[in-house]
1. Mind checking the per residue accessible area of the stretch 15-163 for me, 1.4 Å probe, whole number of Å²?
2. Given (1) 1.65; (2) 1.07; (3) 1.20, which label gives Cα Rg over 2.2 N^0.38 Å as computed from the coordinates?
3. Determine, for each peptide in 152-162, 88-98, the mean count of other beta carbons within 10 angstrom over its residues, then list the peptides with the highest first.
4. In whole percent, what relative contact order does the stretch 10-145 give with Cα contacts below 8 Å and a gap of six or more residues?
5. If I compute solvent accessible area with a 1.4 Å probe over the protein chains, what percent of it on the chain is carbon and sulfur?
6. On full extension of the chain, what length is gained from Ser52 through Asn156, given 0.36 nm per residue of separation minus the C-alpha to C-alpha distance?
7. Give me the dipole magnitude in Debye, nearest 20, for the chain about the Cα centre, with unit charges on the beta carbon: positive for Lys and Arg, negative for Asp and Glu.
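The values are calculated or read from the model by the stated rules, or taken from the named source; none is laboratory data. As the structure is a computational prediction, the values presented were derived from the model and not from experiment. Because the Cβ atoms are built from the backbone with ideal geometry, glycine has one as well, and the counts that use them run over all protein chains shown. Side chains included, ligands, DNA and RNA excluded: accessible areas come from the protein's heavy atoms. Shrake-Rupley method; radii C 1.70, N 1.55, O 1.52, S 1.80 Å.
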Amino acid sequence: AKDIPMYSADVTKAPALRQLALANAGLYSIDLGMNRCLEELDLSGNYLSILSLAGINGNYDKNILSEINLSNNNLTEVVLNDMRAIRTLDLSNNQLSDIDLSFGDYVVDLDISNNQYEELDFTYCAALKRLDISHNNVSSVKMPTENNLEYFACNNNKFTYATLPAHGDLDETN
């Protein structure tokens, strides 16, 4: 039967899985605890509220997961176990208000638009080329000392002239 939601998915019996796309599947939960070989993950357009990408132990961490799309869910919490591999992270259109990017050194494309963030710290995200923080409640943002930003969307937030990222924080071409 077409358009029957899955509600939950257990892919623990497929530990060698490299790509997983379950977009718009009606998921409320998924167990990825054993899937340490994941490189690309698309769970966009579901009903997930909490998601852990951590492994069941250190041997099952997702150390090569580089492309993650969790947009258009109901996420209030996401656990990212190892950000060093992540290059593209889309958390847009959720209910998130906190994100730890202290290990986001290699993230190139980050979309956290349409969430509930108020303060953001990108100090350790020097590799960012594309950043979208639009449609949040952001009033304060810390940028890396040097950056490679080619695109930066920060509209529809709560910045004042004094709290906008300083001109020196962004390359003059942006």
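1. 49 Å²
2. This structure yields the entry labelled (2).
3. 88-98, 152-162
4. So the answer I get is 16 percent.
5. 45 percent
6. Once the chain is fully extended between Ser52 and Asn156, it gains 34.5 nm.
7. On the way: 11 positive and 25 negative charges, 90 e Å.
It works out to roughly 440 debye.
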